[in-house]
Amino acid sequence: MEQLRLHVADLVHLLPELSLVATAIILSLLDLILPSRFSRSIIGWLTLVGIAISAVFVVLQLNPDEAIQLLNHSYRVDDFSNLMKLFTLTGTGFIVYMSLSFVKEDAIPHVGEYYYFYLPAALGAMIMSSSGDLITLYVGLELLSITSYLLVAMKKKDSKSNEGAFKYLVMGGISSAIILYGMSFLYGMVGSSNLSQIGSALPSLVPNYEALIYVAFFLLLAGFGFKIAAAPFHSWAPDVYQGAPTPVTAFLAVVSKAAGFAILFRVFYALFGFSSFEGTSVQSDVFLAISVMAAIAMVTGNFIALKQTNMKRLLAYSGIANAGYLLVPIGTYFSGIHYANFSEFIFYLIAYLFMNIGAFAVLMIIEQAEGHTEAKGFGGLYYRAPLTAAAMVLIVLSLAGIPISGGFFGKLYIILGTMQTKQYWLGALMIATSVVSLYYYFGIVRQMFMRSDYESAEVKVSIPLGITVWLCALISLALGFVPHLVLKGIEAIFTLTKDFLIM
């Protein structure tokens, strides 16, 4: 049992996580002590401080000489996890900052809880990113899931919020059970919950347990497919996105989805990637199944988005399509001629973060002005808030993948990767569905510029929302001017043999 002890020196490597835990505890106590009229802004700002401190600790751990293994390899501190943690904290920080001028006590009774609930949610996502063991992974998954259920249900007096929270709870519980069922097969076959040990042992079990290996894989794929809202496991997303408070919707669309992708990458590459499965039918079937799910998500998300009139539902289906794009680097797998899967994935994920948070920030401005989230609320925005409309154009250009933008290069690198691995059908489908997406994305632009609806409500842009919108718009644009620098930075930090459970 000596290996399972956590020594005091090991706590240094857990400072990003421990700082979030400490901040959440302190803020929950302050929420009880402070008068309600002060708690909203103070706890919101202190939540941001806790997130910033955690991010600093992550940055200090970047690019270690070797991966840090804790608790008998069940928890890893490597650059795969560090990059995903920075993504989680950046996304959560933006969402909390946007909320400072948006969340009102008449809509959300317990504003203090609303803010510090983001901390355990981010903690769950970070645990998922660092997990080297099925048990640790599941703990992080449930911490993120349970906190997300609570955040979705924060608007207690809103029937749509209650309906969305109930659907999310039921569907989320079912998906977690499916994941746990798949994990139980792996544990039963190998006798270990450690990902590295399972990956090493599975190939030798193929002659006797091939069918069970496939069953375990498809159960995990279905469960994780729910977490990332990829078709055909996406049905919960539009209703939950529409019912949740808009900042929470942004959190589900960006941070929670990215955490799901982190475990997809970690688990499937650990189990079926770097082992004796290399070149076998099992490995080809696994990654073909992921590619097929990517294709279904791209087609389903983009075509159903065409008929959406509510912006939250439109962005939900846009997120489903983007889940398909992000699955492509996982499905194409590493090969001798193409090994930049993770760099392509994380680049597009970064672009996805800024263009989606920017879009949700503009939606929050419209919601404050109009009192709803219908697409018609964007009517005449150029005439009512020209700067916000200009920033939204930059964000839409990135969402649609128009040159020169971060979204364009993100998709381009992924498409080139599919061509290198000779999966031409997948690359062609990415191009075709991206063309389809132009219709509904530029429908937003048409609303803003072609409808000079002067009778609409006045649009007032608060400082936090205005700063968020323009930061996201400019970063989305900047990613299109210096994509090579971002890719080089990712490749300088991430090392395949050190950061992907290759023992």
Per the Kirkwood definition applied to all pairs of different Cα atoms, how many angstroms is the hydrodynamic radius of the stretch 250-312?
-> 14.0
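Using only the Cα atoms of the stretch 177-222, build the gyration tensor, take square roots of its eigenvalues as a ≥ b ≥ c, and label the shape rounded, prolate or oblate: rounded if a/c is under 1.5, else prolate if a/b is larger than b/c, else oblate. Don't skip to the end; give the middle numbers.
Working: a/c = 1.98, a/b = 1.28, b/c = 1.55.
Verdict is oblate for the stretch 177-222.
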Shape parameters for the stretch 115-196, alpha-carbon atoms, Rg then Dmax in Å = 14.9, 49
The stretch 348-503 - percent relative contact order, Cα under 8 Å, separation 6 or more | 39
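Any idea of the accessible area per residue across the stretch 116-237, 1.4 Å probe, to the nearest Å²? Walk me through the numbers before you get to the answer.
On the way: 4500 Å² over 122 residues.
Ligands and nucleic acids excluded, the figure is 37 Å² per residue.
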Between TRP45 and LYS376, what is the spin-label point distance in nm, taking each point 7 Å from the Cα along the Cα→C-beta axis?
-> 4.1
Cα-based convex hull, the stretch 402-496, per residue volume (Å³, whole number) = 134
Inverse of <1/r> over all distinct C-alpha pairs of the chain, i.e. the Kirkwood Rh in Å, gives 22.9
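Suppose we flag trypsin sites (Lys or Arg not before Pro) only when DSSP calls them loop and at most 13 other Cβ atoms lie within 10 Å. Which is the longest uninterrupted stretch of the chain? Could you put the intermediate results ahead of the total?
On the way: sites that count: ARG5, LYS104, LYS156, LYS157, LYS307, LYS422, LYS460.
Longest run free of exposed loop sites: 158-306.
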Run the accessible area of the chain with a 1.4 Å probe and give the carbon-and-sulfur part as a rounded percent.
-> 67
Please work out the average accessible area per residue across the stretch 346-503, using the 1.4 Å probe convention, and give it in Å².
-> 41
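How high is the relative contact order of the stretch 164-275, in percent, counting Cα pairs under 8 Å that sit 6 or more residues apart?
On the way: 99 pairs, mean separation 40.7, N = 112.
The normalised contact order for the stretch 164-275 reaches 36 percent.
Rounded to the nearest 0.05, what FRET efficiency do ASP65 and LEU150 give with R0 = 35 Å and r taken as the Cβ-Cβ distance? Could you check?
The formula returns an efficiency of 0.30 here.
The values are calculated or read from the model by the stated rules, or taken from the named source; none is laboratory data. Fair warning: this is a prediction, and the values are worked out from it, not measured in the lab. When we count neighbours, we look across all protein chains shown, and the Cβ atoms used for this are built from the backbone with ideal geometry, even at glycine. The protein model used for the area step is the full one, side chains on, heavy atoms only, and it has no ligands, DNA or RNA in it. Shrake-Rupley method; radii C 1.70, N 1.55, O 1.52, S 1.80 Å.
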